[in-house]
Amino acid sequence: MKLIFAIVHDEDSEKVRESLNSAKLSITKLCSTGGFLRTGNTTFFSVVEDEQAASVIELIEKNSKKRIERIPYPIPLGSFCIPPSREVEIGGATIFVIPVERFENYKYDNMN
Ligand code: 2BA
């Protein structure tokens, strides 16, 4: 089994969520913040069978776009600041795949 973490742009999160739901995958969606840009992004995680991992990654990649964002980057030059910003390329998605040693899902066994 694999745990797949995918960090995607907020604007892509609905498309990614829909595609994973349509594939009948169990997913968890978290609101997250990039440590560099300090803007909101979305983190999905899902535990899947080894042989499903490639198709999950493909779905996430297919539904996340690369973007260029401008970030403030002032360079003082006398009393002026140039250039006022620079470009950073984000995504499509940042994906980590981690082996899962054990999976437990306690449902209703303990209910009387
Ligand atoms: P952020 O940390 O806000 O980073 C946004 C984009 O800024 C990154 O896009 C990258 O192009 C750039 N960037 C990040 N750190 C930088 C630095 N120290 N110097 C120059 N440029 C830098 P992505 O690489 O596509 O990452 C998108 C988001 O994915 C990141 O948002 C972060 O939330 C997550 N991420 C990326 N790599 C990660 C990692 N190794 N571990 C954990 N989270 C990661």
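The values are calculated or read from the model by the stated rules, or taken from the named source; none is laboratory data. The structure displayed is predicted, hence computed values, not measured ones. Cβ coordinates were reconstructed from backbone atoms using ideal geometry, including for glycine residues, and neighbour counts include every protein chain displayed.
Figures for the structure shown
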{"read-out": "Residue tally, condition closer than 16 Å to Gly91 by Cα, out of contact with any helix residue (DSSP H, G or I) (no Cβ under 9 Å at 6 or more places or on another chain) and either more than 15 Å from the ligand (Cβ to nearest atom) or of a type outside the set (Phe, Trp, Tyr) (or both), over region 1-11", "value": "4"}
{"read-out": "Filter result (surrounded by 12 or more Cβ atoms within 10 Å (Cβ to Cβ) and under 25 Å from Ile71 (Cβ atoms)) within region 15-55", "value": "Lys15, Val16, Ser32, Gly34, Leu37, Thr39, Gly40, Asn41, Thr42, Thr43, Phe44"}
{"read-out": "Extreme residue, farthest from Val97 (Cα to Cα), among residues of region 5-14 that are in a helix (DSSP H, G or I) and touching a Lys or Arg at 6+ places or on another chain (Cβ under 9 Å)", "value": "Glu11"}
{"read-out": "Number of positions in region 56-94 that are at pLDDT 95 or above and exposed (fewer than 12 other Cβ atoms within 10 Å of the Cβ)", "value": "1"}
{"read-out": "One residue from Ser19, Ser46, Ser32, Ser55 being away from the ligand (no atom under 15 Å from the Cβ), assigned to a strand (DSSP E or B) and either farther than 11 Å from Ala93 by Cβ or basic (Lys, Arg) (or both)", "value": "Ser46"}
{"read-out": "Neighbours by Cβ (under 7 Å, 6+ apart or cross-chain): first from region 27-56, within 15 Å of Ile98 (Cα to Cα) and of a type outside the set (D, E, K, R); second part of a helix (DSSP H, G or I) and within 16 Å of the ligand (Cβ to nearest atom)", "value": "Phe44/Val16"}
{"read-out": "Total residues in region 1-22, condition within 16 Å of Glu49 (Cα to Cα) and charged (D, E, K, R)", "value": "1"}
